[in-house]
Each structure stands twice: as structure tokens, then as C-alpha cells.
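The values are calculated or read from the model by the stated rules, or taken from the named source; none is laboratory data. Treat the numbers as computed from the prediction; the structure is a model and nothing was measured. Because the Cβ atoms are built from the backbone with ideal geometry, glycine has one as well, and the counts that use them run over all protein chains shown.
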Amino acid sequence: NAGVTQTPKFQVLKTGQSMTLQCAQDMNHEYMSWYRQDPGMGLRLIHYSVGAGITDQGEVPNGYNVSRSTTEDFPLRLLSAAPSQTSVYFCASSYSSHGVSSYEQYFGPGTRLTVT
Amino acid sequence: GNSVTQMEGPVTLSEEAFLTINCTYTATGYPSLFWYVQYPGEGLQLLLKATKADDKGSNKGFEATYRKETTSFHLEKGSVQVSDSAVYFCALHVPSSGGSYIPTFGRGTSLIVHP
């Protein structure tokens, strides 16, 4: 298994540009989420999904959109990039067994985004 | 609400020193507790976990015991190596009837080990 993959690894955008950060997992996990990591702020949840077709907002959703058309993929869209969105973005997945969530998170390697 | 408090870093140690990183939590219900490690330039990965009171999680020489009476889950290692230099995150998850799966993370503690 490749686990959780993210592309691109690095990206530089100009203010106002849009882009999509890709995330895919091959473990058939129901739960997927996006976090951003900033110095001194720890991890902050942007959006999450509990299954295909179901998404919800996390702690810091403004400026980001998500969709979950398949179990495997959970892309994050930046609608109009701003310098405040300069960060490292992590995608994570998790699963349940017999209706009980494992709660253990599997993280991708991250996308380092700079907005100028 | 749920919260996780970790000691501020960076923690700087010499190789073979004893490590403790403190983690305390507040939670409604009965949480599962986790330690994740993030090596430079990588994503987080699970280091160890404990799902009920008095459980001890262990992996790669690291240990943490779920202490319900003190609401703590301190990470320890008897002899650190340079390769243990990383950021360590304490986290919890509380099962709920609504099936909420959102974990709560601490802010992370940076560990620097010198030769």
C-alpha cells in the first residue's frame, strides 16, 4: 500500500491564484481530513469527510473548498490564494471496524505552500 | 470541550539522556490517547497509543501510561538518540454516540538531541 499520498510536495502561488491540493489513500478508509500546520499553532483542522459524498467544516474552513466523490480521493481547493494561506498542508485518513472508529490517523507527507 | 496541553519546547538533550515530555488532557467521556512523531520534512506518524486507563503504550523504546487520576499521558524514553530528534504530538479522541471522529491535538513539542 502507498498509504496516504499528496501532490504536489511544494507549490508557490501568487495572491489571487487558485489551485487544488491532491490527496489520495489506498487503504479504503472512510474518514479523511485536511490540516494546516503553522509555527507555534500546531495542527488546525480545515475540512473533513466521514465518507464519499459527505464533508464538513473544521476549525479554519474559510478560503478552502473540498469534495469527496470517491472513497480514495479528497482534494482541497484554494479559491483565491492569500499570503495568510502560506502553510504546510497535511491530509489524513482513518477507519472504523465493526462500527468502531480506530481514531488512529494516517498522515500524508504534506504540501508546502507559499503564497506571495 | 476537549483539550490537550503539552510542555513547551524545544527540549534539548544529550545523547543517552532520559526523556520526559509531559501531556495532560481534559475530556468529556473516556478518551483514547495517542503520541504522534513528526520527523523533519515528513508527516505525522503514530508512535504509540493507549485506549483505557492504566494501559501502557510502547514503541521504539518510548513508553506512555494512561493515567486517568491525573489526566496525563507523559511520554518517556530511557536513552535518547540523535535520530529521535523530531516534533512529538500528544492527541486524544473521545468516542461519541454521534460517531464523531475528530481528534484533538496538542501543539507539539520539539526534541533536539545532540551527540
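Please verify whether segment B:35-50 includes one or more residues that are surrounded by fewer than 17 Cβ atoms within 10 Å (Cβ to Cβ), part of a loop (DSSP other than H, G, I, E, B) and more than 10 Å from chain A (Cβ to nearest Cβ). Yes, because at least one residue in segment B:35-50 is surrounded by fewer than 17 Cβ atoms within 10 Å (Cβ to Cβ), part of a loop (DSSP other than H, G, I, E, B) and more than 10 Å from chain A (Cβ to nearest Cβ).
Screening the candidates A:P8, A:P39, A:P109, A:P83 for the property of being on the phi < 0 side of the Ramachandran plot and free of Cβ contacts under 8 Å to residues at least 60 places away in the same chain yields one hit, A:P39.
Does segment A:34-42 include one or more residues that are of a type in the set (S, T, Y) and within 14 Å of chain B (Cβ to nearest Cβ)? Yes, segment A:34-42 contains a residue that is of a type in the set (S, T, Y) and within 14 Å of chain B (Cβ to nearest Cβ). Residues that are within 14 Å of chain B (Cβ to nearest Cβ), hydrophobic (A, V, I, L, M, F, W, C) and surrounded by fewer than 17 Cβ atoms within 10 Å (Cβ to Cβ) do not occur anywhere in segment A:105-113.
With the structure loaded, tell me whether B:T65 is closer than 19 Å to B:Q6 by Cβ, without any contact (Cβ under 8 Å) to a residue 40 or more places away in the chain and away from chain A (no Cβ under 14 Å) or whether it fails that test.
Against the criterion (closer than 19 Å to B:Q6 by Cβ, without any contact (Cβ under 8 Å) to a residue 40 or more places away in the chain and away from chain A (no Cβ under 14 Å)), B:T65 qualifies.
Within segment A:48-67, the set of residues being over 27 Å from B:S110 (Cβ atoms) and within 14 Å of chain B (Cβ to nearest Cβ) comprises A:S49, A:V50, A:G51, A:I54, A:T55, A:D56, A:Q57, A:P61.
Could we say that B:S58 is touching a residue at least 60 places away in the same chain (Cβ under 8 Å) and touching a Leu at 6+ places or on another chain (Cβ under 9 Å) here? In short, no.
Reported count of residues in segment A:79-96, each being in contact with a Leu (Cβ under 7 Å, 6 or more places away or on another chain) and either aliphatic (A, V, I, L, M) or assigned to a loop (DSSP other than H, G, I, E, B) (or both), is 2.
Tell me which residues, restricted to segment A:56-70, are among the hydroxyl-bearing types (S, T, Y) and at pLDDT below 95.
none
Table: residues versus (1) out of contact with any Gly (no Cβ under 8 Å at 6 or more places or on another chain); (2) within 30 Å of A:A2 (Cα to Cα); (3) modelled with pLDDT of 95 or more; (4) surrounded by 12 or more Cβ atoms within 10 Å (Cβ to Cβ).
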residue: B:S32; (1), (2), (3), (4): yes, yes, no, yes
residue: B:K56; (1), (2), (3), (4): yes, yes, yes, no
residue: B:N59; (1), (2), (3), (4): yes, yes, yes, yes
residue: B:T70; (1), (2), (3), (4): yes, no, yes, no
residue: B:S97; (1), (2), (3), (4): yes, no, no, no
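A:V88 meets each of the listed conditions (1) exposed (fewer than 14 other Cβ atoms within 10 Å of the Cβ); (2) within 14 Å of chain B (Cβ to nearest Cβ) apart from (1).
Of all the numbered requirements in (1) exposed (fewer than 14 other Cβ atoms within 10 Å of the Cβ); (2) closer than 20 Å to B:L47 by Cα, A:D56 misses one, and that requirement is (2).
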